[in-house]
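Quick notes on the structure that follows.
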Amino acid sequence: MVRKPFEPVNVHTAVQGLYEERLVLHRGEAEILPGVTVHQVPGHTPGTQVVRVPTARGWVVLASDASHLWANIRLRSPFPILDQLTPMVEGYDTIEALADGDDHIIPGHDPQVARLFPRLAGAPDWVCLHEPVLDGSAVTAAVGGAVR
């Protein structure tokens, strides 16, 4: 059982960054870099946010814990550890509206992401989310054929 998701050093580092003005907290929607925005999608936890990034292939949404797996958002089947069910499912609509397509939504914990996107040259553990998926139909197949 996980009782402490953070070590004291992690909390200390975050608080130190806040006091040194290297860490800025945002609630709701904010532009954190030119063209890069964060959007609140509560449900998993009250402050969950997604990041919308402009890329050469269109708007990509890094869903983090707002959608752990592609199947969560496609099948409207939330990850079972959550704060509130209704806001989480409503958040899926927000994520889809922000992204330029199914393969432009990057779930936070889906191993399929590493299989479907090209690898960064010289860094085999990194994938290039700004490039098209290796097989365009693979995202749909990764969730058992479910489409929105």
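Among residues belonging to segment 96-128 that are touching a His at 6+ places or on another chain (Cβ under 8 Å) and not in a loop (DSSP other than H, G, I, E, B), point out the one that is surrounded by the most Cβ atoms within 10 Å (Cβ to Cβ).
The residue in question is 107.
Identify all residues within segment 15-36 that are of a type outside the set (A, V, I, L, M, F, W, C) and either part of a loop (DSSP other than H, G, I, E, B) or touching a residue at least 60 places away in the same chain (Cβ under 8 Å) (or both); write none if there are none.
Selection gives 20, 21, 22, 26, 27, 28, 29, 34, 35.
I'd like the full set of residues that are surrounded by fewer than 19 Cβ atoms within 10 Å (Cβ to Cβ) and more than 25 Å from residue 31 (Cα to Cα), limited to segment 59-95.
Matches in segment 59-95: 71, 75, 76, 77, 79, 80, 81, 82, 83, 84, 85, 86.
Determine if segment 73-89 includes at least one residue that is in contact with a Ser or Thr (Cβ under 8 Å, 6 or more places away or on another chain), among the acidic types (Asp, Glu) and closer than 25 Å to residue 103 by Cβ.
No.
Tell me yes or no: at least one residue of segment 21-38 is over 19 Å from residue 133 (Cβ atoms), within 14 Å of the chain's Cα centre (by Cα), among the aliphatic types (A, V, I, L, M) and at pLDDT 95 or above.
yes
Checking residue 89 against (1) at pLDDT 95 or above; (2) part of a helix (DSSP H, G or I), only one condition comes out false. Which one?
(1)
The values are calculated or read from the model by the stated rules, or taken from the named source; none is laboratory data. From a predicted model like this one, the values you see are computed outputs, not experimental measurements. When we count neighbours, we look across all protein chains shown, and the Cβ atoms used for this are built from the backbone with ideal geometry, even at glycine.
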